Amino acid sequence: MSQELLFSPFQIGGKTAPNRFTINAMECCDALENGDPSPKTYERYENLFKGKAGVIDLEAITPQYDYISRKHQLSIKEHNVPALKKFVAHLKEINPEAVLLFQITHSGEISNPKFSKRIRVTEQPLPGYEDAMLVREKEIEQVIQDYVNGARRAYEAGADGVDLKLCHGYLGSQILRPYNKDDWKYGGKWENRRQFALDIYDRVRAEIKDDKFILGSKISIYEGFPGGVGTLNANSACMDLTESIDLLKQLEAHGMSYVLQSAGSPSHTLDLAHPDKKSADYAYMHFFFQKTCREALKPETKVIGSGYTIYRDGNVKTGGNKKAFQAVLPENNSLRFWGNKNIADGIVDSIAIGRQSFADPFTPEKMMENRDKEIKWCTLCDHCVELLIQQYNVACVTFDKRYTEIYKQMLNETGGIGEKHT
């Protein structure tokens, strides 16, 4: 058994995670028609719990049906609570040590109009979202209440905490970004825009008085387009993390126990959100964002870093068998190397894997036992993302032959995708 820092326990809120691996929230479009976990959902999370990650973030789960991005999305309405209780209890029997979080979400302007509605918070729509309905205080008040209801139901279902989603172009990001420049309760000046998140935290904590129930958020520190989160102003693409840093400090003061760092918006800047082998160097930017989070927060507030899947075993190739990363030796550029180093350097407390958890949900266990040669490393083909975009059930197309066939079926039925944006 390895004694590396990656496999040491760490405190997150009122819980102790047994190691520093976190499973990122990965949408898979495989819930039942009523939003309950399906047999496919069970299979995915059973494997993740058997794989012994320290923290597992349940994919985006919606507390409402009107504004959703996935047709077969998990939901956390009142009627879902019995099924979710059964689901959580089953997973905890498999691995009672893992910390289980529920990511509560609202899609806002990136809801899918084929089976849902879109809302926006800006009078001037973000290009591409002209069909979204403009909303103000009344509608956002309901959104906040939905978040509160979702968190309470997660608590009732037995989750250890929630991830109040503020990332990847979903509604939380839409309100936080400088592009939300209109003067209204949650728009215009920064103090108004950040208040949306603070109100959610305050009302969730007032609703759930158990201090051991963990509150945190996955946050896109920088979205990478003009007016996005982490930019200088509504019309600038210049990176300025002043607001992101203030958000971290304010959320910490309002009860945040962890931040799950991310960047980008998969609907606009996909390669920044999860670096691709054609733009591998984007992955290094995530280290800077993690360091920014760590320096802004108290030691007891944990920083979970994203962007680690791409490092694999250090052997990352582009087309033509060319090295994706330059100026570095493979042995100093693996997931294991950077995980241990960034924890040792105080840059991050835990590392999150997303696509790698599709390729091999047993990655943490295998690395713990020094069975790296048995790991099925993500090939970074992003076929899983293509399935997500087309609303198909999602899993690893490379290593799960059932999904190889589903992918072929998708190509036959749809001809594939034109642009790789969610």
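The values are calculated or read from the model by the stated rules, or taken from the named source; none is laboratory data. These numbers come from a predicted model, not from an experiment. Using ideal geometry, Cβ is built from the backbone for each residue, glycine included, and neighbour counts are taken over all protein chains shown.
Brief remarks follow.
- Of all residues in the range 160-200 being surrounded by fewer than 23 Cβ atoms within 10 Å (Cβ to Cβ) and among the hydrophobic types (A, V, I, L, M, F, W, C), the one that is farthest from PHE102 (Cα to Cα): TRP184
- Flag if LEU272 is among the aliphatic types (A, V, I, L, M), in a helix (DSSP H, G or I) and within 21 Å of LEU101 (Cα to Cα): no
- Checked against (1) closer than 17 Å to GLY169 by Cα; (2) of a type in the set (D, E, K, R); (3) free of Cβ contacts under 8 Å to residues at least 40 places away in the same chain, ASP240 meets all criteria but (1).
- Given (1) aliphatic (A, V, I, L, M); (2) buried (at least 21 other Cβ atoms within 10 Å of the Cβ); (3) closer than 28 Å to ASP211 by Cβ, number of the condition ALA253 does not satisfy: (2)
- The set of residues in the range 104-143 being surrounded by fewer than 13 Cβ atoms within 10 Å (Cβ to Cβ) and on the phi > 0 side of the Ramachandran plot consists of GLY128 alone.
- Comparison of LYS277, LYS291, LYS302 shows that the only residue that is in contact with a Leu (Cβ under 8 Å, 6 or more places away or on another chain) and buried (at least 18 other Cβ atoms within 10 Å of the Cβ) is LYS277.
- Residue selected from the range 1-53 under the condition touching a helix residue (DSSP H, G or I) at 6+ places or on another chain (Cβ under 7 Å) and of a type in the set (Asp, Glu), by the criterion modelled with the lowest pLDDT: GLU4
- When restricted to residues that are basic (Lys, Arg) and within 22 Å of LEU260 (Cα to Cα), the range 326-376 contains 3.
- Each residue in the range 11-54 was checked for being part of a strand (DSSP E or B), buried (at least 20 other Cβ atoms within 10 Å of the Cβ), out of contact with any Gly (no Cβ under 7 Å at 6 or more places or on another chain) and not β-branched (Val, Ile, Thr), and 1 pass.
- Candidates ILE61, ILE68 - the one that is crowded, with 20+ Cβ neighbours inside 10 Å, within 24 Å of LYS212 (Cα to Cα) and out of contact with any Pro (no Cβ under 9 Å at 6 or more places or on another chain): ILE61
- Within the range 316-347, being loosely packed, with under 14 Cβ neighbours inside 10 Å, in a helix (DSSP H, G or I) and of a type in the set (S, T, N, Q) holds for ASN321, ASN332.
- Flag for VAL385 being among the β-branched types (Val, Ile, Thr), surrounded by 14 or more Cβ atoms within 10 Å (Cβ to Cβ), in contact (Cβ under 8 Å) with a residue 60 or more places away in the chain and in a loop (DSSP other than H, G, I, E, B): no
- Of the strands (runs of 3 or more DSSP E) lying entirely inside the range 55-170, none contains at least 2 residues that are free of Cβ contacts under 8 Å to residues at least 40 places away in the same chain and within 17 Å of the chain's Cα centre (by Cα).
- Within the range 73-96, considering residues that are in contact with a Ser or Thr (Cβ under 8 Å, 6 or more places away or on another chain) and of a type outside the set (A, V, I, L, M, F, W, C), the one nearest to GLN391 (Cα to Cα): GLN73
Each row is one residue, and each column tells you yes or no for (1) farther than 23 Å from GLY339 by Cβ; (2) among the acidic types (Asp, Glu); (3) out of contact with any Asp or Glu (no Cβ under 7 Å at 6 or more places or on another chain).
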position	(1), (2), (3)
GLU43	yes, yes, yes
GLY51	no, no, no
GLY54	no, no, yes
HIS72	yes, no, no
VAL99	no, no, no
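- Verdict on ILE351 being under 22 Å from the mean Cα position of the chain (by Cα), assigned to a helix (DSSP H, G or I) and either without any contact (Cβ under 8 Å) to a residue 40 or more places away in the chain or within 22 Å of ILE56 (Cα to Cα) (or both): no
- Breaking point among (1) outside any loop (DSSP other than H, G, I, E, B); (2) touching a strand residue (DSSP E or B) at 6+ places or on another chain (Cβ under 6 Å); (3) over 26 Å from ARG371 (Cβ atoms), for ILE304: (3)
- Residue count, the range 360-379 (criterion: of a type outside the set (Phe, Trp, Tyr), outside any helix (DSSP H, G or I) and closer than 19 Å to LYS401 by Cβ): 6
- Only residues that are within 13 Å of SER265 (Cα to Cα), assigned to a loop (DSSP other than H, G, I, E, B) and of a type in the set (Ser, Thr, Tyr) were counted in the range 171-184, giving 0.
- Flag if GLU93 is among the charged types (D, E, K, R) and either touching a strand residue (DSSP E or B) at 6+ places or on another chain (Cβ under 9 Å) or at pLDDT below 95 (or both): no
- In the range 71-91, the residues that are under 15 Å from ILE104 (Cα atoms) and surrounded by fewer than 20 Cβ atoms within 10 Å (Cβ to Cβ): LYS77, GLU78, VAL81
- Boolean, ARG205 is buried (at least 16 other Cβ atoms within 10 Å of the Cβ), within 20 Å of the chain's Cα centre (by Cα) and basic (Lys, Arg): no
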